[in-house]
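Comments concern the structure below.
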Amino acid sequence: TLRAVITGVGHYLPERVVENAEFEKTLDTSDEWIRTRSGIERRHFAAEGETTSMMGTAAAKAALADAGRTPADIDAIIVATSTPDLTFPSVATMVQNALGANCGFAFDVQAVCAGFIYALSTANAQILSGQAKRVLVIGAETFSRIMDWEDRATCVLFGDGAGAIVLEAQEGKGTSEDRGILAVDLNSDGSYKDMLFVDGGVSTTGTAGKLRMQGNALFRQAVVKLAETAETALAKAGVAASEVDWIVPHQANIRIIEGTAKKLGLSMDHVVVTVQDHGNTSAASIPLAMSVGRARGQIKPGDLCVAEAIGGGLAWGAVVLRW
Ligand code: ACO
């Protein structure tokens, strides 16, 4: 049985770190409110002129080095992003060019905060169908560019950054003991559009727009839908939640992360948490957490992991994999 196995991981965070207290100068907010309601303590913001493709390229280089691969070894590059450098071409082709890899194919996937789960699912399908043997999967975002800096309910929650993995075809035995992606579950429901959207775009305003969110309504959807999709993916993989070594959740809010772990019956000792340092980096948050989780010595080869995310659309999903 062919499996898509993670062989390398890496990330990039912009240099500038902004602590919660900095928002107290311009907004009616406090470190205390942000910390207790979201779990966020600080986030990174891209420098002027620093773009999504630049951050994605840096993360890709780190992942390639970790996998012991060169750009020429890669058949496909998939970037999950909602904040591309330009309307087109894709960020993925820009990363491809920046890596000096002018072979294979590259494209973007857009599913907002669930983008990395969708990209991972797409990369898995490319590998299982024999279209690619090695795929670079990247999540990269510059959400600071779509913030309304006067809206305290959103602008304190997001950050910039990028994470990347190298996914490679390997033979497995067809059991849940195999390394690699064991199951995927994807969902979307466009009737929830107004809960989270950006109020601009090419065919409407001709501008990039700003992020608008009904935080509390989304919060209530998130815990239920994330636990459901994780449970569905675990059932497809034929493993019990109790066997999971690590939940690698989308890092939007510590209370959502805790609520989902509780519904799955897992303690926080089994959850990779980076939200305090990164804020919500949308499609970048899961590969960032994977990279940090590996670097901290939390995730080890052979560990059973479930990654889950929900975001604008709504779009949500989960991937079960053995590292
Ligand atoms: N500082 C101080 N007060 C604030 C701030 C702030 N930064 N932001 C909002 N408030 C106020 C509100 O105005 C409100 O005041 P009111 O009661 O007088 O009306 C009060 O705090 C409570 O607001 P709620 O929105 O009910 O607070 P809640 O506990 O729901 O926390 C939060 C808000 C953190 C946004 C939470 O709802 C959340 O995390 N939601 C999910 C968001 C999410 O997951 N988004 C990501 C998924 S998709 C993606 O990642 C793109």
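Values in this text are rule-based calculations from the coordinates and carry no lab data. Just so it is clear, the model here is predicted, and its values are computed rather than measured. Reconstructed Cβ throughout: ideal geometry from the backbone, glycine too, with neighbour counts over all protein chains shown.
Computed quantities for the displayed model
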| read-out | value |
| --- | --- |
| Rounded FRET efficiency, nearest 0.05, which uses the C-beta distance separating Ala72 from Arg255 and R0 of 56 Å | 0.80 |
| Calculated FRET efficiency for the pair Ala235/Lys173, C-beta based, R₀ 25 Å, to 0.05 | 0.80 |
| Order of Trp33, Trp316 under a 10 Å beta carbon neighbour criterion, fewest first | Trp33, Trp316 |
| Inter-label distance, nm, simple model (7 Å from Cα along the C-beta direction), Arg296/Lys193 | 3.8 |
| Cα centroid separation, the range 275-292 to the range 126-167 (Å) | 9 |
| Total formal charge among the other residues, if their Cβ is under 9 angstrom from that of Phe158, Lys/Arg +1 and Asp/Glu -1 | -1 |
| DSSP-defined beta bridges in the chain - what % are antiparallel, rounded to 5 | 70 |
| Number of Lys pairs (Cα under 28 Å; 8 or more positions apart or on different chains) in the chain | 22 |
| Centroid-to-centroid separation of the range 97-115 and the range 79-95 [C-alpha atoms, Å] | 7 |
| Whole-Å distance, taken between Cα centres, linking the range 19-77 and the range 189-243 | 20 |
| Anisotropy class of the chain from Cα gyration tensor, a/c 1.5 cut | oblate |
| Neighbourhood net charge (15 Å Cβ-Cβ; Lys/Arg +1, Asp/Glu -1) for Ser242 | -3 |
| Rounded, prolate or oblate (a/c below 1.5 giving rounded, otherwise prolate when a/b exceeds b/c) for the range 69-185 by Cα gyration tensor | oblate |
| Paramagnetic reach from Ala98 in the range 47-72 [backbone N under 14 Å; point 7 Å along Cα→Cβ] | 47-64 |
